[in-house]
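Working notes, structure below.
The values are calculated or read from the model by the stated rules, or taken from the named source; none is laboratory data. Here the structure is a predicted model, which means the values were calculated and not measured. In this analysis, Cβ positions are derived from the backbone assuming ideal geometry, glycine residues included, and neighbour counts consider all displayed protein chains.
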Amino acid sequence: MVELFDKKVVISKGLEIKEGANGNRKGTLAAGILDAHNTSDDPKLMKIKFDALASHDITYVGIIQTARASGLEKFPIPYVLTNCHNSLCAVGGTINEDDHRFGLSAAEKYGGIFVPAHQAVIHQFNREILAGCGKMILGSDSHTRYGGLGTMAMGEGGPELVKQLLGRTYDVATPDVIAVYLEGAPKPGVGPMDVALAIIGKVFAPDFVKNKVMEFVGPGVAGLSVDYRNGIDVMTTETTCLSSIWSTDEKVKDWYELHGRPEEYKELTPAEDAEYDGLIKVDLSQIEPMIALPFHPSNVFTVREVAADPKPFLEAVEKYSVENLGYPKGALDLQSKVIDGKLQVDQASIVGCSGGTYENLIVAADIMKDKFIGSGSFTMSAYPSSQPVYAGLIEDGAIGELMKSGVVVRSAFCGPCFGAGDTPRNNGFSIRHATRNFPNRDGSKPGDGQSSAVALMDARSIAATAANGGVLTSATDVVTGAEPKGNYKYDGSIYDNRCYNGWGKAKPETELIYGPNIKDWPQMIGLTDNLLLNVASYITDPVTTTDELIPSGETSSYRSNPLRLAEFALGRKDPEYVGRAKEIHAMEKRRVKWLAGEAGKDEVAALMTYAKELYPAADEALLKSCSLGSLVYAVKPGDGSAREQAASVQKVLGGWANIAQDYATKRYRSNVINWGMLPFIVDEADAPKFTVNSTILVKDVREAVVSGAEEVKAQIVGGEEITLKLPNFTEGERKIVTEGCLINYYASENK
């Protein structure tokens, strides 16, 4: 079904596999596109300039505020601002709509493209309007992936978009390229999510494609529709790859023509004998309908095996929730969902950039035709990914069929993907064609006695389950013939009549419109000679997601207010973290006040007392050159979202470092650096030598960073000395951390 080959291979025109190497690494599609956008002469380090940028309403306010503080005058390339995350405006009073109004004023002032709420989810709009063969797009959302359309796209934290807005580059180690060789054809009832989950289940745990590019080739590509390719491609984010790209053909050409942009098509085919750094071989004909059980897209099984004997699988999920997530025993009772040997699901949703595509919903409507979800507790919703898709589904009758079946059809919205919509009931079990099923990402709050769980499935098996009254069902049990294709007619006037397109038409005289929740970043000082750090959180989970570092859901409404948002940091993972971090940060602010000659005698005395509690040898001489701050330790932090706030909240609370054995993604490590924190690596043997509330003294750290040292010695107060490593720390990254954050770095350049 899916085989991994961790060795060099040569593929002739993307079709014939040969083992071994021939030195033609430049023959891949990825290499050609990257080279065309690279401004670096260093073969090991690329400096990329993108063709376009995209953000949504959780991220664009902070990006624009940061860029403004760093000298932004106008958007130098097309920049799309969508409003698909805080669309409901349901939390925090007026603040979400205030952000939207700010976004429109920014698009007018700087020459951007503004997509009002409910028009489209970010990635569907970018597919329809922004993508182009051979282009590169950078987005402040981790699922920025348009490889099926011949576009290399990457999701990163906001500061990386700021760099592009200021004419700088995206700096990344030259990535390996892994061929994803598709052969055969999917069986009826097997959808793109099934293929994606089968791949994720194989490659995630061994980090097979981490920070690499996945290049889809092989004879199986031709048999897949563009919607199908897009559905697989958007899920490559969950493999932790850097980006993805597909060979293109007449189907892609037709797609661009349908969307009124034929000039964006180019045939993309690897060179005659392109060399790849590894291979994932996928026999599409052997893929079964899949299910990713809680709490990760890589926790993959076939729907058939789970449906046949669900209790052992559900018991394993319950056990994991207690042992790894800290849920109270019995808080999640999924085994109670098994009735007469069958798994009864509570809720279903087909949504967003992965699920809400035209073909997925056409097929779902066909499966559910003349069948009904019933009047019991089972519920189902569907979210077409854009208004043009919605209009096409209405014209083809699919919306009516879904509604008659009992499905609630909603507008384009990303909420169910991150906990701002369709939150299940307590102890609810939801199946979703969405992007992620991380712990509590559905909006549940175990700390408040609210526990639920999400499994990922393809729209086809979700529809089959719904048609069976919510009993878990594989689509291949009900789909036997060819799937309907529909007759989609894209209507671009829907966007023309509602979206603001100011690209190339900046109006500098326009005033930005601020709501009361939009706040500037607090002042952040540069890296001092020494650091005295409190371990404010110590996380031992194998992987820590960005959703655990800063919860999603209603917290997204406060993303324009750094101090307010920081109150939620690690709120569902380590509720004591904020208090610990704020305590030492208060003393750091007092230290800065003291150095400025503004602290009273009693304040100075309290500062000295506190410092000696942290480090008995502390004196005035040390404190003059030593910041007091906090750090977070996690084994492997940063899986999941690109959201910069997972790092910025730590910085706002006085964070100076992360210590990890590894970073799950490049984008999280970049966020740590761009917010002026040190991305330390520690050996597994050294990690147990400190714990939560330990104090670590890092002497001469500024000198080490400036000089390019890859290691720095640190003393655990009352304990041993450990080595903190800074591998692959570029000169530009060192400068950002030395200045204290990206904002300070640009401010220093503009002096």
Filtering helices (runs of 4 or more DSSP H) wholly in region 392-498 for at least 2 residues that are within 21 Å of the chain's Cα centre (by Cα) gives 415-418
Taking region 742-751 and keeping only residues that are touching a residue at least 24 places away in the same chain (Cβ under 8 Å) and part of a loop (DSSP other than H, G, I, E, B), one is left with 750
Here the qualifying pairs (Cβ atoms under 7 Å; residues six or more apart or on different chains; first in region 94-121 and over 22 Å from residue 420 (Cβ atoms); second buried (at least 24 other Cβ atoms within 10 Å of the Cβ) and hydroxyl-bearing (Ser, Thr, Tyr)) come out as 112/79; 113/79
| With respect to residue 485, is the statement that it is charged (D, E, K, R), within 23 Å of residue 186 (Cβ to Cβ) and surrounded by fewer than 20 Cβ atoms within 10 Å (Cβ to Cβ) true? | yes
Checking 692, 717, 682 in turn, the sole residue that is surrounded by 15 or more Cβ atoms within 10 Å (Cβ to Cβ), out of contact with any Pro (no Cβ under 6 Å at 6 or more places or on another chain) and more than 20 Å from residue 636 (Cβ to Cβ) turns out to be 717
In region 270-303, anything assigned to a loop (DSSP other than H, G, I, E, B) and either at pLDDT 95 or above or crowded, with 21+ Cβ neighbours inside 10 Å (or both) is listed as 270, 277, 287, 288, 289, 293, 294, 295, 296, 297, 298, 299
Listed by first then second residue, the pairs whose first member lies in region 656-670 and is under 14 Å from residue 733 (Cβ atoms), whose partner is part of a loop (DSSP other than H, G, I, E, B) and among the charged types (D, E, K, R), with beta carbons under 6 Å and at least 6 positions apart or on separate chains, are 667/156
Across (1) at pLDDT below 95; (2) more than 23 Å from residue 669 (Cβ to Cβ); (3) not in a loop (DSSP other than H, G, I, E, B), residue 548 clears everything bar (2)
Filter region 532-558 for residues that are hydrophobic (A, V, I, L, M, F, W, C) and surrounded by fewer than 24 Cβ atoms within 10 Å (Cβ to Cβ); the one that is nearest to the chain's Cα centre (by Cα) is 543
When (1) in contact with a Leu (Cβ under 8 Å, 6 or more places away or on another chain); (2) within 25 Å of residue 383 (Cα to Cα); (3) not polar (S, T, N, Q) are applied to residue 163, the one that fails is (2)
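Hey, any hits in region 245-258 for a residue that's of a type in the set (Gly, Ala, Ser) and surrounded by fewer than 19 Cβ atoms within 10 Å (Cβ to Cβ)?
Looking through region 245-258, none of the residues is of a type in the set (Gly, Ala, Ser) and surrounded by fewer than 19 Cβ atoms within 10 Å (Cβ to Cβ).
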Per the list (1) at pLDDT 95 or above; (2) surrounded by 17 or more Cβ atoms within 10 Å (Cβ to Cβ); (3) in contact with a Leu (Cβ under 8 Å, 6 or more places away or on another chain); (4) more than 30 Å from residue 120 (Cα to Cα), residue check on residue 4 breaks on (2)
